[in-house]
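I have placed the structure first, in the form of structure tokens, so that the comments after it can refer back to it.
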Amino acid sequence: MSYDNNNIFAKILRREIPCIKLYEDEHTLAFMDIMPQTDGHALVIPKASAVTLFDLPDEAAAACMRTVRKIGNAQKQGLGADGVVLMQLNGPGAGQTVPHFHIHVIPGSIGDLRRPHATVMADQNHLKALAARIVAALA
Ligand code: AMP
């Protein structure tokens, strides 16, 4: 699938639009989902340009999983999450809405995903407060 440099996550990576950042390293960025399905819902993205898992180089996929592990552990510690659900959609046929590869890291259980996917905007201050607890647990 061809990569659109103007997708919203590419703009976040170029700092053209803001995000509530949780973690960044050479290969990945983690930030809060603005339409979370549970409190603490985060996204991990590679800096490499890829739309789906099937376009993503192995090294970038491995880097994403390392960051997912960090964020998931911080959600468990910082938010007291009992479990962490990973979700990753490939292509519009799967319901992918942003065409830059990403892994949803969602504290809670599968039964908690009652909020519809990518529809309800959360309060920014609430997101920032949750992010601060996750970031503190990363330290
Ligand atoms: P998907 O449908 O799997 O492509 O997921 C895209 C996710 O990105 C959804 O959960 C949206 O809520 C989230 N999202 C869209 N725009 C932004 C943004 N500017 N900052 C953070 N998350 C976003």
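Quick note: the coordinates plus some simple rules give every number you see, no bench work behind them. Since the model is a prediction, treat every value here as computed from it, not as a measurement. Glycine gets a Cβ as well: all are built from the backbone with ideal geometry, and neighbour counts include every protein chain shown.
Would you kindly state how much longer the chain becomes between Lys128 and Asp4 on full extension, computed as 0.36 nm times their sequence separation minus their alpha carbon distance, in nm to one decimal?
Separation in residues times 0.36 nm, less the Cα-Cα distance, equals 41.8 nm.
Please list, by residue number, every one of the GluC sites (Glu not before Pro) in region 21-120 that is coil in DSSP and has at most 14 other beta-carbon atoms within 10 Å.
Taking region 21-120 and a limit of 14 other Cβ atoms within 10 Å, the loop GluC sites (Glu not before Pro) found are Glu26.
Please build a GNM for the chain, connecting alpha carbons under 10 Å apart, and tell me which residue among Ala63, Ala30, Ala129 fluctuates the most.
Result: Ala129 has the largest fluctuation of those listed.
Report the local net charge at Leu13: Lys and Arg +1, Asp and Glu -1, summed over other residues whose C-beta lies under 12 Å from its C-beta.
My count for the surroundings of Leu13 gives +3.
Cut-off under 22 Å on the C-alpha distance; same-chain residues fewer than 8 positions from Lys76 excluded. Which lysines are left, in chain and number order?
By straight Cα distance, Lys76 reaches Lys21, Lys128.
Just want to confirm a number: the relative contact order over region 8-138, from Cα pairs under 8 angstrom separated by 6+ residues, in percent.
32 percent
Mind checking which aspartates and glutamates have their C-alpha under 18 Å from Lys11, skipping anything on the same chain fewer than 8 residues away?
The qualifying aspartates and glutamates are Glu24, Asp25, Glu26, Asp33.
Length gain on complete extension for the stretch Asn73 to His117, per 0.36 nm per residue less the alpha carbon to alpha carbon distance?
Taking 0.36 nm per residue and subtracting the Cα distance, the gain is 13.5 nm.
Kindly rank 76-86, 96-106, 10-20 from highest to lowest mean number of other beta carbons found within 10 Å of each residue.
In decreasing order of mean packing, 76-86, 96-106, 10-20 become 96-106, 76-86, 10-20.
Contour minus end-to-end for Ala136 and Ile17, with contour as 0.36 nm per residue of separation and end-to-end as the Cα-Cα distance?
Full-extension gain reported as 40.4 nm.
Using a Gaussian network for the chain with springs between C-alpha atoms less than 10 Å apart, which of these wobbles most: Met35, Met65, Met87?
Evaluated over the chain, the most mobile residue of the options is Met87.
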